[in-house]
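Accompanying notes for the structure given below.
Computed from the coordinates by the stated procedures, all read-outs in this text should not be read as laboratory data. Predicted model only: the values in this text are computed from it and were never measured. Glycine gets a Cβ as well: all are built from the backbone with ideal geometry, and neighbour counts include every protein chain shown.
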Ligand code: B12
Ligand code: SF4
């Protein structure tokens with residue numbers, strides 16, 4: 001490698017602003033442990049800091065980043081800052097630049113890569129959520145400004161790629177990598193690392209933590225999910241459950257307490273309670289070591305969550321557990337592939353509340369099996385449990401997402417999709433269950449929440465059909 005850093009890692013906007021991006025934080029720590037020199041550029045935060053209109057980062061405006069006409073305006077507004085970020089990346093002297101993408105940052109990532117190529121002789125790799133689906137990969141491969149895509153978890157594959165690159169071997173196919181010139185069908189997926197402890201934890205040394213809105217960091221106790229929800233694609237992207245050892249989780253927490261002076265954490269796990277013994281073990285270690293921390297996480301409303309366990313979770317610093325309850329109707333829950341019944345959910349919410357932990361719920365309205373009476377069961381579930389629910393984290397109409405079991409088995413659900421299904425298919429229908437009916441139910445539920453004085457985090461009612469261009 002020439003002078004400068006081996007690799008620059010770039011976080012493309014739009015992304016979260018309240019804590020550093022966990023994906024490139026993991027990559028940076030792993031590569032540094034392997035003696036690769038890394039420089040991180042959070043271009044997402046850099047642009048946000050100069051933005052006059054900060055609402056562009058609001059969830060309901062995310063689609064403006066991926067529609068050609070609105071993205072053109074965004075690009076013009078940030079023209080100077082984008083070029084200045086590119087100059088800073090090039091000045092760090094990397095031979096490789098890795099861009100972390102998601103489905104809303106595809107056009108930005110392309111623009112950034114285009115400018116990088118104009119400004120210097122760099123090899124550009126894209127990775128992250130935006131590389132998971134073929135349609136999104138096609139967009140990233142436009143114009144040939146991105147030299148390779150990494151699909152899936154990136155630590156090991158990026159390290160191996162850099163090592164090859166250092167030895168002058170660039171154009172040889174690798175599992176998990178799609179090189180410029182290869183067809184998408186040539187992509188060979190790579191199995192995710194089974195032993196998460198070998199990946200090291202993010203230290204955030206490469207980040208300026210003062211740039212982020214809140215003093216908290218993201219953690220992972222696991223990757224993958226034990227759930228089987230038919231509407232979800234996360235379980236396919238992250239695969240089977242893999243647990244970090246309790247010792248490593250607690251070592252990471254202690255590291256941040258001492259070195260980053262941070263005691264608030266948000267677990268990015270798909271489920272923090274996939275394995276109750278595991279959860280109990282690391283919570284027990286936090287209690288034993290008397291670590292003063294606060295954290296929140298997403299959890300499964302499983303019937304075997306006991307009052308004792310929830311008390312220990314609380315004692316270990318848990319402030320919020322967010323449950324994907326989705327519905328109050330057992331027939332809908334069964335159709336969704338949920339691993340619990342409404343009565344289990346009710347019990348868990350009660351125990352969570354009694355333990356002094358805030359219980360948040362997510363709700364989905366308009367599942368193919370949902371009849372008006374099922375919807376009414378959801379309404380009465382929420383009314384009945386109002387005292388044990390602190391917040392509805394999200395209220396979504398049921399969309400059929402790409403790569404979900406539902407999209408891949410539409411006949412089983414009797415649903416009709418558009419001829420060319422969207423990544424997030426909003427316009428599907430089954431009899432009278434159409435987008436209009438789903439939105440109407442969601443609006444009715446919103447007014448119930450207002451009547452119950454139950455706070456709502458976000459909903460997806462603003463979303464209109466349309467593809468990333
Ligand atoms: C937590 C989370 C968030 C947090 C992230 C907080 C943070 N500071 O990190 C927040 C709340 C910010 C967030 C926001 C959004 N999210 Co989100 N999020 C997740 C979730 C649940 C976990 C992500 C995570 O931390 N994983 C663990 C880390 C270690 O993995 P990772 O980030 O994927 O990074 C690894 C690989 O992707 C890869 N990688 C990543 N970057 C790069 C770069 C290079 C160069 C390489 C080689 C590899 C590489 O290597 C990393 C290490 O293994 C995932 C679900 C999932 N299945 O992953 C969705 C997910 C990533 N989010 C998604 C989306 C779409 C969003 C939004 C853009 C909008 C939305 N939800 O509709 C918003 C942004 C909104 C806004 N206002 O801008 C999608 C991405 C789909 C796609 N095709 O792009 C996912 C997959 C959920 C889904 N199924 O739809 N999210
Ligand atoms: S919705 Fe949540 S619990 Fe269900 S499979 Fe997806 S990640 Fe797992």
Cα gyration tensor shape of region 87-225, rounded if a/c is under 1.5, else prolate or oblate by comparing a/b with b/c: rounded
Likely footprinting exposure, 50, 352, fewest C-beta neighbours within 10 Å first: 50, 352
25 °C / 0.890 mPa s Stokes-Einstein diffusion coefficient of region 393-464, Kirkwood radius on C-alpha pairs, µm²/s: 185
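Sorted by packing (mean other beta-carbon atoms within 10 Å per residue), highest first, where do 363-369, 62-68, 143-149 land?
Details: 363-369: 23.3, 62-68: 17.6, 143-149: 20.0.
Per-residue Cβ counts within 10 Å, averaged per peptide and sorted highest first, yield 363-369, 143-149, 62-68.
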Angle in degrees between helix 106-119 and the longest Cα principal axis of the chain, rounded to the nearest 10: 10
Euclidean distance between Cα centres, region 182-211 to region 422-465, Å: 34
For region 184-287, the fraction of alpha-carbon pairs in successive 10 Å shells from zero, as %: 13, 40, 32, 14, 2
Normalised alpha carbon radius of gyration of region 131-175 [divisor 2.2 N^0.38 Å]: 1.23
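Applying 1/(1 + (r/R0)^6) with R0 = 35 Å to the Cβ-Cβ distance of residue 440 and residue 73, what FRET efficiency is obtained, to the nearest 0.05? Walk me through the intermediate numbers first.
Details: r = 33 Å, r/R0 = 0.93.
After rounding, the FRET efficiency stands at 0.60.
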Degrees, to the nearest 10: 79-91 long Cα axis against longest axis of the chain: 60
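From the C-alpha coordinates alone, can you work out the Kirkwood hydrodynamic radius of the chain, in Å? Intermediate results must be reported in sequence, preceding the final value.
Working: mean 1/r = 0.0426 Å⁻¹.
This gives a value of 23.5 Å.
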Spatial extent of region 7-186: Rg and Dmax, with the Cα atoms as the point set, Å: 15.3, 45
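Explain nothing, just the number: relative contact order of region 7-186, from Cα pairs under 8 Å at least 6 residues apart, as a whole percent. List each step's numbers first, then the result.
Working: 266 pairs, mean separation 37.5, N = 180.
Across region 7-186, relative contact order equals 21 percent.
When the helices in the chain are scored as -39500 (n - 2.57) per DSSP H run of 4 or longer and the sum is shared across all residues, what 222 nm value do you end up with, to the nearest 500 deg cm²/dmol?
Values: 17 runs with 171 residues, N = 469.
So the calculated ellipticity at 222 nm is -10500 deg cm²/dmol.
Can you quote the Å³ per residue value for the convex hull of the Cα atoms in region 1-108, rounded to an integer? Show your work: numbers first, answer last.
Details: hull volume 10.2 nm³, N = 108.
Convex hull volume per residue, Cα atoms: 94 Å³.
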Euclidean distance between Cα centres, region 1-68 to region 330-395, Å: 35
Folded to 0 to 90 degrees: helix 246-255 orientation relative to the chain principal axis, Cα: 60
Mean Cβ neighbour count within 10 Å, used as a protection proxy, ranking 34-44, 179-189, 373-383 highest first: 34-44, 373-383, 179-189
Per-peptide average of other Cβ atoms within 10 Å, ordering 417-428, 15-26 highest first: 15-26, 417-428
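Given axes a ≥ b ≥ c from the Cα gyration tensor, I'd like to know whether region 96-159 is rounded (a/c under 1.5), prolate (a/b larger than b/c) or oblate.
Details: a/c = 1.96, a/b = 1.18, b/c = 1.66.
The shape class here is oblate.
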Share antiparallel - DSSP beta bridges, the chain, percent rounded to 5: 15
Region 279-401 - Rg (one decimal) and Dmax (whole number), Cα, Å: 15.3, 51
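Let me know the whole percent of all Cα-Cα pairs from region 215-459 that are separated by more than 33 Å. Working shown, then result.
Working: 6380 of 29890 pairs.
In whole percent, the long-distance tail amounts to 21.
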Cα point-scatterer Debye curve for region 203-256, base-10 log of I(q)/I(0) at q = 0.22 Å⁻¹: -0.90
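Counting only C-alpha contacts under 8 Å and six or more residues apart, can you give the relative contact order of the chain as a whole percent? Kindly include the intermediate steps, with their values, before the conclusion.
Values: 852 pairs, mean separation 54.2, N = 469.
That works out to 12 percent.
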